[in-house]
């Protein structure tokens, strides 16, 4: 069961036991980093419980299995489409997802209405709330009404990378399944076997993905190399030369029209480089570096970093990443981050 999905053996074991005993809860939270397969696991549960030919898991090839995962997602300009449940090609599997950074309360109210209808084909109906942390208070309270007395033939799966952002009353009414980042080898194998990457093509995105298959698949290797060179220049400026102006110039580039869509990716690369420098400074072991191909350069920066508070830099990056959810001015925030790093 779940053999087609990569990694997270513990989650597979827990879910397999629930399915085998016929005790899949009406409400589940799938919690873990972005891109580790949470939504695919939710869909796979729906497949297993809908598939007519399921033995040790869904067959994956029957009409029901194929339709479960086939969604026609609306374009970002079709705002009203996000105010309703988005159905897969199977009439008993639907999804609510965010438009920009918010899940509309109208979509949750539509879910509430649809949850009270009997299934059309399957024995149950399945609703996935993707990026559930993007529900505002109104949407959260609307969902809470459904979770308080869920219909017996309805399953609601909340997929989130920030479970602590959900209302405590929502968390208390759901069983939580936690997902871990995948090992580098697992991500690399997935890219080679499922996405036809060569070994050379898969190596860098797998290492920089922070255990996220989704993040690795979305990466453009040429762009990664350019972004990594920029982030390495930032660290050279603040650690070696004290050239704040050079770092701020890169901050401007990160936020210009051409590069702003890749801002969070660049931030993640900066984080990985700082982690590597910190690890090398503590242990002199370059073999475990994520950016192992830059071992000599990172070792030099580790030597030069002296007593710099690298852990504090990582905390500042994480705070910045969390603040992105409230639409902060990214240019100002990036400048402030680099100024703090240079002043350390």
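Every number in this text was worked out from the coordinates using simple rules, so none of it is lab data. Treat the numbers as computed from the prediction; the structure is a model and nothing was measured. Here the Cβ is made from the backbone with ideal geometry for all residues, glycine too, and neighbour counts use every protein chain on show.
Report, by residue number, each residue of the range 154-175 that is part of a strand (DSSP E or B) and crowded, with 21+ Cβ neighbours inside 10 Å.
154, 155, 156, 157, 158, 159, 160, listed by residue number.
Checked against the criteria, residue 41 does not count as under 20 Å from the mean Cα position of the chain (by Cα), in a loop (DSSP other than H, G, I, E, B) and buried (at least 17 other Cβ atoms within 10 Å of the Cβ).
How about the range 103-123: which of its residues are outside any helix (DSSP H, G or I) and buried (at least 19 other Cβ atoms within 10 Å of the Cβ)? Passing the criteria: 103, 104, 122.
Looking only at the range 124-143, count how many residues are buried (at least 16 other Cβ atoms within 10 Å of the Cβ) and within 30 Å of residue 321 (Cα to Cα). I'd like the intermediate steps shown before the answer.
So in the range 124-143, the residues buried (at least 16 other Cβ atoms within 10 Å of the Cβ) come out as 124-135, 139-140, 142-143.
When the remaining residues are screened for being within 30 Å of residue 321 (Cα to Cα), the result is 127-135, 139-140, 142-143.
Selection size over the range 124-143: 13.
Scanning the range 202-222 for any residue that is under 22 Å from the mean Cα position of the chain (by Cα) and at positive phi turns up at least one such residue.
Quick check: is even one residue across the range 54-74 touching a residue at least 40 places away in the same chain (Cβ under 8 Å), touching a strand residue (DSSP E or B) at 6+ places or on another chain (Cβ under 8 Å) and assigned to a loop (DSSP other than H, G, I, E, B)? Among the residues of the range 54-74, not one is touching a residue at least 40 places away in the same chain (Cβ under 8 Å), touching a strand residue (DSSP E or B) at 6+ places or on another chain (Cβ under 8 Å) and assigned to a loop (DSSP other than H, G, I, E, B), which makes the answer no.
Of the helices (runs of 4 or more DSSP H) lying entirely inside the range 202-316, those containing at least 2 residues that are out of contact with any strand residue (DSSP E or B) (no Cβ under 9 Å at 6 or more places or on another chain) and over 21 Å from residue 331 (Cβ atoms) span 213-218, 221-236, 263-283, 295-305.
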